[in-house]
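Where a number appears in this text, it was derived from the coordinates with a stated rule and is not lab data. Model, not experiment: these values are computed from the prediction. Every residue, glycine as well, gets a Cβ built from its backbone with ideal geometry; the counts of neighbours run over all protein chains shown.
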Amino acid sequence: MKSLSIKLIALAAISAPLITSAQISDDKVKIGVLGDMSGVYSDVSGKGAVEAARMAVEAYGGKVAGKPIEVVFADHLNKADVGSATARKWFDVEQVDMITDLVNSGVALAVSEIGKEKNKVVIVSGAGVSDLTGKSCTPNTIHWTYDTSAISKATTAALVGQGYKTWYFLTADYAFGTAMQRDATRYIEAAGGKVIGSVRHPLNPSDFSSYLLTAQSSNAQVIALANAGNDTANSVKQASEFGIGRDGKQRLAGLLVTLTDVHSMGLDKAQGLIVSTPFYWDRDENTRKFAVEFAKRSGGKYPTMMQAGVYSSVLNYLKAVDAAKTDDGAKVVAKMKELPTDDPLFGKGVVRQDGRKLHPMYVYQVKSPAESKSEWDLYKLIDTVAPDKAFMSLSEGGCPLVK
């Protein structure tokens with residue numbers, strides 16, 4: 001009996017670490033989609049991002065590590081304090097394990113810090129500020145879809161290469177716009193161009209005319225829009241009223257233009273715009289299949305890169321939870337950095353030490369009305385930029401996690 005007892009104790013000692021290391025808290029994996037459900041970014045994020053998360057959960061089979069998966073969502077109203085309060089409630093009270101989407105850079109930066117504090121996973125698909133993998137990187141955050149560095153680098157390289165050397169910025173006056181102008185300026189100057197001025201505007205103004213006229217009077221060859229969502233769409237619509245981009249003297253460049261922005265503007269106003277994106281619905285059979293199903297669930301709207309990024313990030317997050325056999329935040333993010341990424345929308349890639357998800361960027365030109373064959377047939381491919389060329393290097397970012 002004594003010998004049997006010793007053997008049982010020894011067996012328990014061996015198996016205890018295995019039991020404790022394979023834990024799913026609350027017997028459920030809960031994913032929170034925190035986005036803009038009612039404001040300026042609701043078309044690029046919003047309910048479409050929620051649907052994308054649900055589609056990813058369904059594609060994965062509805063369970064991970066033998067536990068059910070639940071998706072919840074909330075509107076951060078483009079306010080960092082609202083987003084922070086929601087994140088704390090989700091993490092502390094509602095047992096949310098991972099937050100995704102986070103369109104709006106101020107909200108994303110705030111929630112990223114809370115994820116670190118609470119040891120939860122934060123995967124940013126909607127926001128662009130490159131500081132998320134730079135000075136503000138954390139062991140719990142992954143920046144998934146795009147960033148201000150990659151978007152601006154691809155677009156500015158294409159235009160400076162065509163001989164457009166002088167630039168003027170119309171910039172949204174918050175974290176995203178500031179980062180976009182900063183990153184774009186660096187690449188413009190590196191390519192031999194020059195920034196001759198800028199003007200800032202608040203989020204979602206009703207009238208862009210004074211900003212556009214100031215930019216037009218600068219005589220810069222390119223007026224660059226460092227804004228997003230409805231702000232970009234309204235800027236382009238009003239710019240067309242002043243003939244900007246139509247007289248051959250100035251070019252209008254949208255540094256962050258999404259599919260729904262172009263659809264809202266109409267090809268008659270948006271034609272010729274250069275667009276940089278890691279996702280376009282008509283790239284291959286997998287992206288087309290996803291887009292058709294997404295449109296069925298989303299009132300006929302086709303997916304933006306942010307919404308596609310939510311789908312991709314949720315799929316790869318679930319793979320990491322399965323592999324790690326835990327929903328512990330830092331451990332899951334470490335596993336995501338260890339495993340290669342692979343999904344139908346972004347293909348193969350990796351998550352870098354600083355939390356930057358790497359994949360190709362594509363440069364498109366918006367079609368003319370005559371070139372388009374259907375309602376969402378909006379882009380034609382100009383260039384493909386390899387991951388190591390598209391995103392800033394580890395040394396450029398300054399992330400303290402990088403040794």
Net charge dipole size for the chain [Lys, Arg +1 and Asp, Glu -1 on Cβ; Debye, nearest 20]: 820 debye
Any idea what angle helix 105-118 forms with the longest principal axis of the chain, computed on alpha-carbon atoms, 0 to 90 degrees, nearest 10? 10 degrees
Are there GluC sites (Glu not before Pro) in segment 54-103 that DSSP puts in a loop and that have at most 14 other Cβ atoms within 10 Å, and which ones? Glu94
Check cross-link reach from Lys194 to the lysines: straight Cα distance under 16 Å, and skip same-chain residues fewer than eight apart. Lys153, Lys165
Could you state the principal axis extents of the C-alpha atoms in segment 249-339, from the largest down, to the nearest angstrom? 56, 33, 20
The chain shape via C-alpha gyration tensor axes, a/c threshold 1.5: prolate
So for R0 = 30 Å, FRET eff. of Val402-Ala191 from the Cβ-Cβ r, to 0.05, ends up at 0.70
Any chance you could give the angle, 0 to 90 degrees and rounded to 10, that helix 175-190 forms with the longest Cα principal axis of the chain? 60 degrees
Can you list the trypsin sites (Lys or Arg not before Pro) in segment 61-139 that are in a DSSP coil and have 14 or fewer other beta carbons within 10 angstrom? Lys135
Over all Cα pairs of segment 123-249, how is the pair count split among 5 Å bins, expressed in % and running from 0 up to the last occupied bin? 2, 11, 20, 21, 21, 13, 7, 3, 1, 0
Tell me, in nm to one decimal, what length is gained between Val93 and Arg246 on full extension, where the rule is 0.36 nm per residue of separation less the Cα-Cα distance? 49.6 nm
Helix axis angle, 285-297 relative to the chain longest principal axis, alpha carbon, degrees: 90 degrees
Among 291-302, 41-52, how do they line up by average Cβ neighbours within 10 Å per residue, starting with the highest? 41-52, 291-302
In this model, which of Lys79/Lys116; Lys118/Lys403; Lys28/Lys301 are farther than 22 Å apart at the alpha-carbon? Lys118/Lys403; Lys28/Lys301
At q = 0.14, 0.17 Å⁻¹, what log₁₀ I(q)/I(0) does a Debye calculation on the Cα points of segment 259-309 give, no solvent, two decimals? -0.37, -0.54
Cβ-based charge dipole, segment 67-215, positive-most Cα from Phe208, Met180, Ala158: Ala158
Considering Cα pairs under 8 angstrom that are at least six residues apart, work out the relative contact order of the chain and quote it in whole percent. 19 percent
Using only helices, what value at 222 nm comes out for the chain when you add -39,500 (n - 2.57) per DSSP H run of length 4 or more and divide by the total residues, to the nearest 500 deg cm²/dmol? -13500 deg cm²/dmol
Under 5 Å between amide H atoms, partner at least 5 residues away or on a different chain: which partners does Arg246 have, H built in plane at 1.01 Å? none
How big is segment 321-403 along each principal axis, measuring the range of its Cα positions in Å and listing the largest first? 52, 32, 16
³J(HN,Hα), Karplus 6.51/-1.76/1.60, whole Hz, each residue of segment 259-265, x for Gly, Pro: 4, 5, 4, 5, 4, 5, 5
Cross-link pairs beyond the 22 Å C-alpha cut-off, checked among Lys30/Lys296; Lys89/Lys357; Lys296/Lys325; Lys135/Lys357: Lys30/Lys296; Lys89/Lys357; Lys296/Lys325
What FRET efficiency comes out for Gln353 versus Thr166 if R0 is 51 angstrom and r is the Cβ-Cβ distance? Round to the nearest 0.05. 0.85
What percent do you get for the relative contact order of segment 257-383 when only Cα pairs under 8 Å and 6+ apart count? 32 percent
In sequence order, what are the phi-derived ³J(HN,Hα) couplings for segment 392-400 according to the Karplus relation 6.51 cos²θ - 1.76 cosθ + 1.60 with θ = phi - 60°, rounded to whole Hz, with x for glycine and proline? 5, 6, 4, 6, 5, x, x, 5, x
As an exercise, use a Förster radius of 56 Å and the Cβ-Cβ distance of Ser38 and Asn219 to find the FRET efficiency, rounded to the nearest 0.05. 0.90
